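The values are calculated or read from the model by the stated rules, or taken from the named source; none is laboratory data. The shown structure was predicted, so the numbers you read here are calculated from the model rather than taken from an experiment. Neighbour counts run over all protein chains shown; Cβ positions are idealised from the backbone, glycine included.
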Amino acid sequence: MRYILALILLAFMLLAADFDWIAYDKAFLKAKKLNKPIMVMISQKNCPTCEYMDDVAFENEELVDFVEYNFIPVKIDLDEAKKLGLKAYGTPTFYFLRPNGKPFEPPLVGGAAAKVFLDKLKEIKADYGH
């Protein structure tokens, strides 16, 4: 019985949607190559809103597919953000950067339901323009 439960849990974990987060330093090379903007999520441990985004909003397949197709997703913690000169106005804070590192949108602060976040990302993508 334990093996069956373990297999069911493993299957569920494998089917769950999630981003292929890219390391910050590698994101710029990939962004230039693919001509995509970078979405940087600044988070910190024990942040309920960050956990909500990870565990609920980012499990939405439509949202994950949209981000994977249109952005280079990067997740960094608060300490790394400070070292990189990215200010967190709260956590999570989302920055949207051109492949050259210049922001093209003001950062988004806080979390949102998957549909609301997806709608905002669609607006941001439309503003990106190549």
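Tally time: how many residues in segment 21-53 are farther than 12 Å from Phe117 by Cβ and assigned to a helix (DSSP H, G or I)?
14
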Residue count, segment 91-109, condition more than 17 Å from Lys30 (Cα to Cα) and in contact with a Lys or Arg (Cβ under 7 Å, 6 or more places away or on another chain), comes to 2
Taking the stated definitions as given, is Lys75 basic (Lys, Arg) and in a strand (DSSP E or B)? yes
Does Tyr24 qualify as being of a type in the set (Phe, Trp, Tyr) and in contact (Cβ under 8 Å) with a residue 24 or more places away in the chain? yes
Checklist (1) closer than 15 Å to Ile22 by Cβ; (2) part of a helix (DSSP H, G or I); (3) at pLDDT below 95 applied to Val67, failing item: (3)
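Among the residues that make up segment 10-20, is at least one of them at pLDDT 95 or above and assigned to a loop (DSSP other than H, G, I, E, B)?
No, every residue in segment 10-20 fails to be at pLDDT 95 or above and assigned to a loop (DSSP other than H, G, I, E, B).
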If we keep only residues of segment 35-50 that are among the polar types (S, T, N, Q) and in contact with a helix residue (DSSP H, G or I) (Cβ under 7 Å, 6 or more places away or on another chain), then the residue surrounded by the fewest Cβ atoms within 10 Å (Cβ to Cβ) is Gln44
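From the list Ala112, Ala81, Ala88, pick out the single residue that is more than 16 Å from Phe28 (Cα to Cα), touching a strand residue (DSSP E or B) at 6+ places or on another chain (Cβ under 8 Å), in contact (Cβ under 8 Å) with a residue 12 or more places away in the chain and surrounded by 13 or more Cβ atoms within 10 Å (Cβ to Cβ).
Within the list Ala112, Ala81, Ala88, the selection yields Ala88.
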Within segment 115-130, the residues that are touching a residue at least 40 places away in the same chain (Cβ under 8 Å) and either in contact with a Lys or Arg (Cβ under 7 Å, 6 or more places away or on another chain) or assigned to a loop (DSSP other than H, G, I, E, B) (or both) are His130
Top-ranked residue of segment 61-72 - restricted to ones that are touching a strand residue (DSSP E or B) at 6+ places or on another chain (Cβ under 6 Å) and within 12 Å of Leu121 (Cα to Cα), ranked as surrounded by the fewest Cβ atoms within 10 Å (Cβ to Cβ): Val67
